[in-house]
Amino acid sequence: MRTISLGLMIGLLSIAASHTWAGKQDAVLLKQAAQNSALVRDIVKYADETGVTLTGRISKHLHGDHYEFQDQSGSIVVEIDDDLWQQARLSVGDSVRLIGEVDTHRYKPTDIEVIKIEKYGHQ
């Protein structure tokens with residue numbers, strides 16, 4: 001009986017810890033992004049896991065779900081999940097408005113993990 005209780009407690013603690021490690025909820029990121037309309041050159045000023053909004057174009061497919069995003073101030077790597085890409089019917093060269101999470105790294109440049117994206121302008 002003690003073993004079962006201990007196992008159950010460890011399982012519940014693991015679930016709670018994984019939720020904490022998962023990062024911010026999309027709703028929080030969307031709210032932050034509404035307040036943080038940014039240019040690529042300004043991204044380095046934002047802390048890790050901050051929600052931002054960027055407007056520009058998808059300039060290049062790099063590999064997998066990684067693309068180069070470009071605005072008038074520069075370019076940055078963005079990670080766009082396949083389901084978001086397909087849902088928005090995107091193509092390289094499209095003008096987009098994206099909402100994403102700043103993702104800083106120790107040994108590679110900062111990038112953006114996209115949580116919402118839409119085409120804009122004349123296509």
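The values are calculated or read from the model by the stated rules, or taken from the named source; none is laboratory data. Everything numeric in this text was worked out from a predicted model, so none of it was measured. Areas reflect the complete protein model, heavy atoms only, side chains present, ligands, DNA and RNA absent. Shrake-Rupley method; radii C 1.70, N 1.55, O 1.52, S 1.80 Å.
Tell me, what is the percent relative contact order of segment 19-86, built from C-alpha pairs under 8 Å that lie six or more residues apart? Intermediate values should be presented prior to the final figure.
Values: 85 pairs, mean separation 16.5, N = 68.
The value is 24 percent.
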Global form of segment 20-123, assessed from the alpha-carbon gyration tensor, a/c cut-off 1.5 = rounded
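Going by accessible area, probe 1.4 Å, with all protein chains left in place, what is the ranking of R57, R106, largest first?
Details: R57 95, R106 195 Å².
Result of the area sort, largest leading: R106, R57.
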